[in-house]
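What follows is one structure encoded as C-alpha cells, with my remarks underneath.
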Amino acid sequence: MKNMKKITTMELSGNKAANLARAVLEVNRQVWLTTYQNDSLGITLKDIESKFTDFDEEVKKNKKYYLENKDRKHWFAFDKSKLVGYCLAQIEDGVGKINSIYILKKYQHLGIGSKMLKKSLKYMKGVPIEIECAVYNTPTIKFYEKFGFKVIGEKKEKYTFPTGTKMTLVRMRKDREQCKE
Ligand SMILES: CC(C)(COP(=O)(O)OP(=O)(O)OC[C@H]1O[C@@H](n2cnc3c(N)ncnc32)[C@H](O)[C@@H]1OP(=O)(O)O)[C@@H](O)C(=O)NCCC(=O)NCCS
C-alpha cells in the first residue's frame with residue numbers, strides 16, 4: 001500500500017466523530033502494539049495490552065468525549081471506508097495540544113500524519129503548541145522536530161504498566177512567533 005491518492009482525510013465532530021469511537025480505539029490499540037513495546041526498557045506486549053483491557057468502556061468514554069467536545073478539531077484518514085489514522089487537537093488556556101496522532105503502521109510514512117498535523121497547526125494558528133511523546137519514540141520526535149517543535153523537558157507518565165514500568169515522556173513545544181507559517 002503505497003498510494004497516498006487512495007487516502008481521504010476529513011474533519012468530523014459530534015455524532016459523526018462519536019460513530020467512529022470504536023474504530024479510533026482499534027487504530028489506537030494497533031498503533032500502540034506496533035510502536036511502544038520495548039525490550040530494553042522492559043515494556044512488554046502484556047504491558048501494552050493492559051491499556052486496552054476494558055475496550056467497551058473505553059469506546060463509551062471516547063464517544064462521550066466527541067459529544068462533549070464539539071468545539072475541538074478531529075481529523076480522520078480513511079482508505080475507502082477503513083479508518084487508518086486520526087489526529088485530535090484542542091486549544092486550552094491559550095495553549096494548543098495535539099492529544100493524539102496515530103496512523104496504522106502499514107500507512108505510516110506516506111504523508112498522512114504531515115497532512116493532518118498541518119491542518120492542526122493551521123487551526124491552532126497564533127498559539128504555542130505542546131505535545132508529549134515517549135522518550136524512545138525517536139521517529140516521532142524527529143517528525144515533530146521537522147515541524148519546528150523543540151524538546152522542553154521530560155516527565156513520567158502517570159500510568160504504571162503491570163510489569164512496574166512507567167513510560168518517560170518528552171515534552172515538546174512549538175512557539176508560533178518563531179515559526180515560518
Ligand atoms: C508519527 C506519525 C503520526 C507520523 O505520521 P506519518 O504519516 O507516518 O508521517 P509522514 O509520512 O507525514 O512523515 C513525515 C516525516 O516524519 C518522519 N517519519 C514518519 N514516520 C517515520 C518512520 N516510521 N521512521 C522514520 N521517520 C519517520 C520522517 O521524517 C518523515 O519525513 P520524510 O517522509 O520526508 O522522511 C506516525 O508515523 C505514527 O502514527 N507513528 C506511531 C504513533 C506515534 O508515535 N504517534 C504520536 C504519538 S505522540
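All of the numbers you see were taken from the coordinates with simple rules; none came from a lab. From a predicted model like this one, the values you see are computed outputs, not experimental measurements. Glycine also receives a Cβ, built like all others from the backbone with ideal geometry; neighbour counts cover every protein chain displayed.
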Quiz item: Across bins of 10 angstrom width beginning at 0, how are the C-alpha pair distances of the stretch 117-181 distributed, in whole percent?
Solution: 21, 45, 25, 8, 1
Quiz item: What residue among Val24, Val135, Val170 shows peak mean-square fluctuation when the chain is described by a Gaussian network model with Cα springs under 10 Å?
Solution: Val135
Practice problem: Quick one: among Leu83, Leu67, Leu41, which has the greatest mean-square fluctuation in a GNM of the chain with alpha-carbon springs under 10 angstrom? | Solution: Leu41
Self-check item: Euclidean distance between Cα centres, the stretch 106-126 to the stretch 1-80, Å
Solution: 16
Quiz item: Sorted from fewest to most neighbouring beta carbons within 10 Å, what does the list Cys133, Cys87 look like?
Solution: Cys133, Cys87
Quiz item: Among Lys80/Lys166; Lys125/Lys155; Lys6/Lys156, which pairs are too far apart, with a Cα-Cα distance over 32 Å?
Solution: Lys80/Lys166; Lys6/Lys156
Quiz item: Fewest first, what order do Tyr86, Tyr107 take by the number of other Cβ atoms within 10 Å?
Solution: Tyr107, Tyr86
Exercise. Using only the alpha carbon atoms of the chain, find the Kirkwood hydrodynamic radius as the inverse mean reciprocal pair distance, in angstroms to one decimal.
Key: 17.1
Quiz prompt | Value at 222 nm in deg cm²/dmol, rounded to 500, when DSSP H runs of n ≥ 4 in the chain each add -39,500 (n - 2.57) | solution = -10000 deg cm²/dmol
Self-check item: Label-zone membership for the stretch 95-126, site Lys80, 7 angstrom Cα→C-beta point, backbone N under 20 Å
Solution: 104-108
